[in-house]
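Working notes for the structure below.
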Number of protein chains: 2
Amino acid sequence: MTATRDLTRNQSLVLGALEHADGPLSAYTILDRLRDAGFRAPLQVYRALDKLTEFGLVHRLESLNAFVACAHGHDHGHAHAHGIVAFAICDTCGKVDEFSDDEVTSRLNGWARDAGFRASKTTIELRGECAGCLAAA
Amino acid sequence: MTATRDLTRNQSLVLGALEHADGPLSAYTILDRLRDAGFRAPLQVYRALDKLTEFGLVHRLESLNAFVACAHGHDHGHAHAHGIVAFAICDTCGKVDEFSDDEVTSRLNGWARDAGFRASKTTIELRGECAGCLAAA
DNA sequence: AATTGGATGTAATGTTATTACGTTAGGAGG
DNA sequence: CCTCCTAACGTAATAACATTACATCCAATT
């Protein structure tokens, strides 16, 4: 059960790089980390990222031009039906917290319905400083 | 009253370009449109955009790497105290609708408070297709 | 065996943003 | 008046992010 989705070699490598990282990685950083595995060109990374994003295993952080593995350790098998996902990005330590709020999802969906707007993707990103870094400061 | 904030020549030109456009513009598009006004280098645009954003006269659309004039025709004098601003971006016609939802603002602020996260900037962007384009399709 | 579609490899190019360094303009205070 | 300071500006070079174009490979099907 929850069979791991059948990823290609490149997709597995890219997902692995993101899962082992302790924060978001840019496509070019991923490329650098996969040189030893045989990666040579940006496109190899971007192609894998496209698929992984499509599968819901990876998120793109628009305000960072970077990527993170999805926090919900869904065992690569099924996409959860959670609402709009939001990210809190610490500008100091780089850590990203992924969360979801039903009320926010419902208000935004409501606005879209009222406006006749069909949203295909919604981005919510908070940039700032996390509790740990605030405490350390 | 509501005295227009004192913008420099470059800032006025960039703001003007954004106000006259009927959608978001990339920094390089702005640069192209201001060649005749004497613009030569990207930095001239980016510097003006930084200030205009700081003044609240311009928004950056993270998912587009582009910029729009703030929809609230605040007469360049005072920043309104509205909550988090959201954007609905039509991928078909390129038009952008700016809106704000108190409940969304309050939920996100609430999450941040609970998590001890101090947000310095929050991005909400819906990508999709607007009512007009859906009707035309 | 031929065909097809998805994934891949590689190079070149396009697009977005910043760093570095030097100059200019205008106000504050001696 | 002159110096100091600061903000804005000009220019070139470079870095960072992303896509286009084209050829190849391989497995599943016919």
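The values are calculated or read from the model by the stated rules, or taken from the named source; none is laboratory data. Given the structure is predicted, the values throughout are model-derived calculations rather than measurements. Please note: Cβ atoms are built from the backbone with ideal geometry, for glycine as well, and neighbour counts cover all protein chains shown. Heavy atoms of the whole protein, side chains included, go into the accessibility calculation; ligands, DNA and RNA do not. Shrake-Rupley method; radii C 1.70, N 1.55, O 1.52, S 1.80 Å.
Computed values, structure above
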item: With Cα atoms, 0 to 90° folded angle of helix B:102-115 axis to chain B main axis; result: 70
item: For B:ALA21, net neighbour charge (Lys/Arg +1, Asp/Glu -1) across residues whose Cβ lies under 13 Å away; result: -1
item: Whole-number percent relative contact order across chain B, with pairs defined as alpha carbons under 8 Å at least 6 apart; result: 23
item: Accessible area of A:PHE55 in the full protein assembly, 1.4 Å probe (Å², nearest 10); result: 40
item: Net charge of neighbours whose Cβ lies under 14 Å from the Cβ of A:PHE99, counting Lys and Arg as +1 and Asp and Glu as -1; result: -4
item: Mean separation of Cα contacts under 8 Å (6+ apart) over length of region B:1-71, as relative contact order %; result: 35
item: Expected-Rg normalisation [2.2 N^0.38 Å, Cα atoms] applied to the protein assembly as shown; result: 1.10
item: Accessible-area value, B:TYR28, 1.4 Å probe, nucleic acids and ligands omitted, Å²; result: 120
item: Shielding score for A:94-107, defined as the mean number of other chain Cβ atoms within 10 Å; result: 3
item: Environment charge of B:CYS130, counting only residues whose C-beta is closer than 15 Å and scoring Lys/Arg +1, Asp/Glu -1; result: -2
item: For chain A, projected area of the alpha-carbon convex hull averaged over all directions, nm²; result: 10.1
item: Cα-derived Rg to Rh of region A:81-137, Kirkwood definition; result: 1.12
item: Where the protein assembly as shown is the region considered: accessible area per residue in Å², 1.4 Å probe; result: 53
item: Unit charges at the beta carbon, dipole of chain B: most positive-side option, B:ILE124, B:THR29, B:SER63; result: B:THR29
